[in-house]
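Novice: Next up is a structure, given as structure tokens.
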Amino acid sequence: MGLKQSFRAAQSWSLGFAFLLFLGSVAQVAAAQTASINIKVDQVGYLPDAPKVAFIAGVGSPARSFSVKRTQDNSVAFEGKLSTAAHDANTGDDVQAADFSGLREPGHYYIDVPGVGRSWNFHIGPNVYERAYKLAMLGFYGQRCGTAVDLGPEFPGYKHPACHLKGEFHSSSGKSGERDNIGGWHDAGDYGRYVVNSGISTGSLLWAWELYGSKLQNIKLHIPESGNRTPDILNEARWNLEWMLKMQDEDGGVWHKQTSTHFSEFVMPEADKLPSEVIGTGSAPYKSTCATADLAAVAAIAARVYKPFDAEFAAKNLDAARKAWLWAEKNPNVTFKNPPGISTGEYGDNNCTDERVWAAAELWRTTGEAAYNDFFLKNYAEFQAKVDSVPAEGWREVGSMGLWTYALANREGADASAVAAIRKSSVEVAKRIAQRTEADPYHVSLVAKDYVWGSNGVAASYGLQLLVANAFSPDAAFVNAAQDNLHYLLGRNTFSLSWVTQLGEHPYRHPHHRPSGADKNEEPWPGLLSGGPNAGRQDAVLAALPKDTPPAKVYADDQGSYASNEIAINWQAALVFLLAGSLR
Ligand SMILES: [Zn+2]
């Protein structure tokens with residue numbers, strides 16, 4: 001992800017921030033002539049049977065009433081009263097709610113508030129999130145490394161020739177010479193590939209399949225493998241999984257990352273000629289425990305998920321997972337720090353126990369073998385309390401994934417009291433999050449401390465957590481709160497901005513993403529989630545914002561703001577999970 005614990009050197013841009021804002025406002029006018037950013041809606045839309053709320057903020061004197069009008073003929077479909085204003089400390093906004101849950105008729109609409117204006121257009125319908133899901137998955141396809149990419153007729157011009165076709169060992173890996181390590185996804189706005197972040201990202205996609213496969217199996221993504229009788233979400237996840245497997249050494253250990261020594265300029269991937277190097281810890285055993293345990297977890301999921309479609313690939317994954325597990329057992333806490341001369345993302349993590357708990361739980365879920373169960377039961381309790389806080393960086397804290405998969409497994413031989421305890425705490429936490437979300441003036445689960453690097457990923461991760469709790473104990477409040485976080489990401493926020501590129505009438509347009517910055521297309525590559533507001537302000541663009549800017553407003557739609565506007569596969573994966581769970 002963008003964070004990776006080593007800040008990027010500031011880049012110099014040909015366009016100033018003010019000019020970018022000007023371009024943004026031109027596009028906004030072109031998209032919908034009179035839309036007011038003071039009205040905040042999910043620009044994709046709402047499910048017919050779900051709660052439907054828009055928010056009004058930034059108006060001088062409170063408005064009183066609103067109507068929902070049909071886009072087609074401006075006829076009134078619903079009328080209602082606005083709530084009294086509630087002050088939201090995270091944005092500084094006084095927020096009024098427009099509740100139109102009573103409107104269930106599928107169609108295209110906008111909200112009209114006398115004295116304020118009209119909203120962006122949105123949709124009500126049972127399939128309202130299908131295109132968003134497809135775009136978010138296409139976002140992964142666009143990140144593919146080691147192959148030519150072409151997003152097809154819907155996005156002409158969004159393509160590039162094969163990139164990074166040669167891998168080699170860096171001296172820190174303990175080996176030398178060339179290494180056949182092509183493939184995987186570019187991690188974020190840069191062209192590095194990192195096993196640790198690949199772990200949570202690929203794992204979340206495979207979980208989306210395990211929980212929502214019946215809804216996903218027939219959705220075609222128009223990727224090269226489409227039509228091969230394997231569901232496309234699994235085809236896409238496999239692209240990265242194959243690369244992760246190549247990062248495993250013969251002894252079972254897994255090298256931490258494959259990147260150049262430093263970040264490339266803002267060029268297209270095929271124009272990045274910096275050597276792509278397999279990077280290790282710099283001394284024996286060279287591989288790192290967190291990366292190795294993450295591979296064990298993900299490959300263990302793959303062993304069960306791919307079995308019906310490709311038994312041989314499934315078996316290969318199980319073998320890799322077992323070998324990785326044994327290596328991590330022998331080397332329980334080999335941590336990673338950038339070796340001398342390397343300045344790409346570090347993804348440093350000083351504790352790999354949570355990764356091993358996740359690996360043990362997934363291996364046990366797949367095999368039912370006692371050794372994995374024993375390790376899990378000896379170590380899981382430490383992570384029970386952590387279910388209560390969504391980690392700011394999901395790639396670093398994966399203990400909850402371990403606990404949830406153990407409780408979701410429904411496997412004979414499970415420790416009944418452990419399962420009961422995990423379910424109970426997960427459901428209790430989800431209840432608290434759902435209550436807090438409903439009470440929040442913007443109906444988002446984020447609290448002040450959550451506006452960190454990748455806060456949009458934190459919002460999506462709250463969604464994942466709520467949906468997992470819903471799998472334990474179905475509760476409409478959990479599903480509604482999960483969708484509230486989706487609404488936030490798709491435009492129902494203080495900026496009235498959809499944080500997914502090319503989605504909705506008013507999406508952000510200047511991601512910190514090399515292909516979007518370097519190509520000739522006017523719009524960025526589609527389907528990519530922005531990192532979001534970040535009160536940490538670790539880049540010059542954010543640092544220049546007024547000191548008293550509230551945390552949820554520390555954001556700039558500016559390519560230079562890597563700390564608030566970078567894309568990354570880990571928060572992209574949480575978005576996919578949330579969208580998959582919102583399909584009907
Ligand atoms: Zn590449």
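Novice: Hey, if you put +1 on the Cβ of every Lys and Arg and -1 on every Asp and Glu Cβ in segment 476-584, which of Phe495, Pro515, Ala552 ends up farthest toward the positive end of that dipole?
Specialist: Farthest towards the positive end: Ala552.
Novice: Still on this structure, please answer the following. To the nearest 10 degrees, how steeply does helix 195-216 sit against the main Cα axis of the chain, on a 0 to 90 scale?
Specialist: Approximately 60 degrees, to the nearest 10.
Novice: Once all Cα-Cα distances of segment 514-584 are split into 5 Å bins that start at 0, what whole-number percent is in each one?
Specialist: Spelled out bin by bin, segment 514-584 gives 3, 16, 21, 19, 17, 14, 7, 2, 0 percent.
Novice: Taking segment 207-297, how much of its Cα-Cα pair set, in percent, is spaced more than 21 angstrom apart?
Specialist: Working: 2159 of 4095 pairs.
Summing the P(r) of segment 207-297 above 21 Å gives 53 percent of all pairs.
Novice: Moving on to the next point. No other cysteine beta carbon under 4.7 Å away is the test; run it over the chain and list who passes.
Specialist: Lacking a cysteine Cβ partner under 4.7 Å: Cys145, Cys163.
Novice: Sorted by average packing, counted as other Cβ atoms within 10 angstrom per residue and highest first, what order do 431-444, 45-58 take? Don't skip to the answer; put the middle values down first.
Specialist: Values: 431-444: 18.5, 45-58: 21.4.
Listed from highest to lowest mean packing, they are 45-58, 431-444.
Novice: Continuing with the same structure: Find how much the distance from Ala476 to Lys547 grows on full extension, using 0.36 nm per residue of separation minus their present alpha carbon separation; answer in nm with one decimal. Can you show the working numbers first?
Specialist: Numbers: separation 71, 0.36 × 71 = 25.56 nm, distance 3.98 nm.
Stretched fully, the Ala476-Lys547 segment lengthens by 21.6 nm.
Novice: Using the charge dipole of segment 99-175 (Lys, Arg: +1 at Cβ; Asp, Glu: -1 at Cβ; taken about the Cα centre), state which of Gly167, Ala132, Gly146 has its Cα farthest towards the positive end.
Specialist: Gly167
Novice: Between Asn410 and Ser101, what is the spin-label point distance in nm, taking each point 7 Å from the Cα along the Cα→C-beta axis?
Specialist: Taking the simple label geometry, Asn410 and Ser101 are separated by 2.9 nm.
Novice: Quick one: the Cα spread of the chain along its three principal axes, in angstroms, biggest first?
Specialist: Here the Cα extents, ordered largest to smallest, are 69, 57, 48 Å.
Novice: Right, next: Can you give the FRET efficiency to the nearest 0.05 for Leu274 and Ala540, using r as the Cβ-Cβ distance and R₀ = 22 Å? Each step should come with its number before you reach the end.
Specialist: Values: r = 24 Å, r/R0 = 1.09.
The computed FRET efficiency comes out at 0.40.
Novice: How high is the FRET efficiency between Thr147 and Asn74 when r is their beta carbon distance and R₀ equals 41 Å, given to the nearest 0.05?
Specialist: Numbers: r = 47 Å, r/R0 = 1.16.
Result of the calculation: an efficiency of 0.30.
Novice: Run lengths n ≥ 4 of DSSP H only: what is the helix-derived mean residue ellipticity at 222 nm for the chain, with -39500 (n - 2.57) per run over all residues, to the nearest 500?
Specialist: Working: 16 runs with 220 residues, N = 584.
The per-residue figure over the chain is -12000 deg cm²/dmol.
Novice: Taking the chain as the reference, fit the longest principal axis to its C-alpha atoms, fit the long axis of helix 311-330 to the helix C-alpha atoms, and give the angle between the two in degrees, 0 to 90, nearest 10.
Specialist: Orientation of helix 311-330: about 70 degrees from the principal axis.
Novice: Work through the residues other than Glu236 whose Cβ is under 14 Å from its Cβ and net out their charges, Lys, Arg +1 and Asp, Glu -1. Can you show the working numbers first?
Specialist: Numbers: positive: Lys134, Arg144, Lys220, Arg238; negative: Glu225, Asp232, Glu242.
Local net charge: +1.
Novice: With 10 angstrom as the radius, rank Arg64, Arg492, Arg179 by how many other C-beta atoms surround their C-beta, starting from the fewest. It would help to have the intermediate numbers written out before the result.
Specialist: Numbers: Arg64 11, Arg492 25, Arg179 20.
With the sparsest Cβ surroundings first, the list reads Arg64, Arg179, Arg492.
Novice: Pop out the Kirkwood hydrodynamic radius of segment 361-425 from its pairwise C-alpha distances, inverse of mean 1/r, in Å to one decimal.
Specialist: Working: mean 1/r = 0.0838 Å⁻¹.
About 11.9 Å for segment 361-425.
Novice: Okay, moving on. Please report, in cubic angstrom per residue, the volume enclosed by the convex hull of the alpha-carbon atoms of segment 450-538. List each step's numbers first, then the result.
Specialist: Values: hull volume 9.4 nm³, N = 89.
Hull volume over Cα atoms, normalised by residue count, gives 106 Å³.
Novice: If you don't mind, another one. Which semi-axes, in whole Å and largest first, does the equivalent ellipsoid of segment 53-177 have when worked out from the alpha carbon gyration tensor as the square roots of 5 times its eigenvalues? It would help to have the intermediate numbers written out before the result.
Specialist: Numbers: eigenvalues 439, 96, 28 Å².
Sorted largest first and rounded, they come to 47, 22, 12 Å.
Novice: Full-extension gain between Arg131 and Glu225, please, as 0.36 nm times their residue separation minus the C-alpha to C-alpha distance.
Specialist: Net length gain for the segment: 31.9 nm.
Novice: From the residues Thr335, Pro285, Pro269, which one has its Cα farthest along the dipole of segment 267-361 in the positive direction, the dipole being from +1 and -1 charges on Cβ of Lys/Arg and Asp/Glu about the Cα centre?
Specialist: Pro285
Novice: Report the trypsin sites (Lys or Arg not before Pro) located in segment 214-308 that are in a DSSP loop and have at most 12 other Cβ atoms inside 10 Å of their Cβ, or state none. Working shown, then result.
Specialist: Working: sites: Lys215, Lys220, Arg229, Arg238, Lys246, Lys257, Lys273, Lys287, Arg304; in loops: Lys220, Arg229, Lys273, Lys287.
Here the trypsin sites (Lys or Arg not before Pro) that fit, given the DSSP loop and packing criteria, are Lys220, Arg229, Lys273.
Novice: Magnitude of the Cβ-charge dipole of the chain, K/R +1 and D/E -1, about the Cα centre, nearest 20 debye? Before the final figure, lay out each step's value.
Specialist: Values: 53 positive and 63 negative charges, 68 e Å.
Computed about the Cα centre, the dipole is about 320 debye.
Novice: Further question on the same structure: Just order 364-376, 77-89, 456-468, 98-110 by mean Cβ neighbour count inside 10 Å, highest at the front, would you? Please list the in-between numbers first.
Specialist: Details: 364-376: 19.0, 77-89: 15.3, 456-468: 28.2, 98-110: 17.2.
The packing order, highest mean first, is 456-468, 364-376, 98-110, 77-89.
Novice: Can you put Ser496, Ser65, Ser260 in order of Cβ neighbours within 10 angstrom, beginning with the fewest?
Specialist: On the way: Ser496 24, Ser65 13, Ser260 21.
Ascending number of Cβ neighbours within 10 Å: Ser65, Ser260, Ser496.
Novice: Ranked highest first by average number of other Cβ atoms within 10 Å, how do 527-537, 350-360 line up? If you can, show how the numbers build up before the last one.
Specialist: Details: 527-537: 27.3, 350-360: 24.6.
Order by mean packing, descending: 527-537, 350-360.
Novice: By how many degrees, 0 to 90 and rounded to 10, does the Cα axis of helix 455-472 deviate from the longest principal axis of the chain?
Specialist: Value to nearest ten degrees: 80.
FYI, it's all coordinate maths here, none of it is from the lab. Just so it is clear, the structure is predicted and the values come from calculations on it, not from any experiment. So basically every Cβ, Gly included, is an ideal-geometry build from the backbone, and we count neighbours across all protein chains shown.
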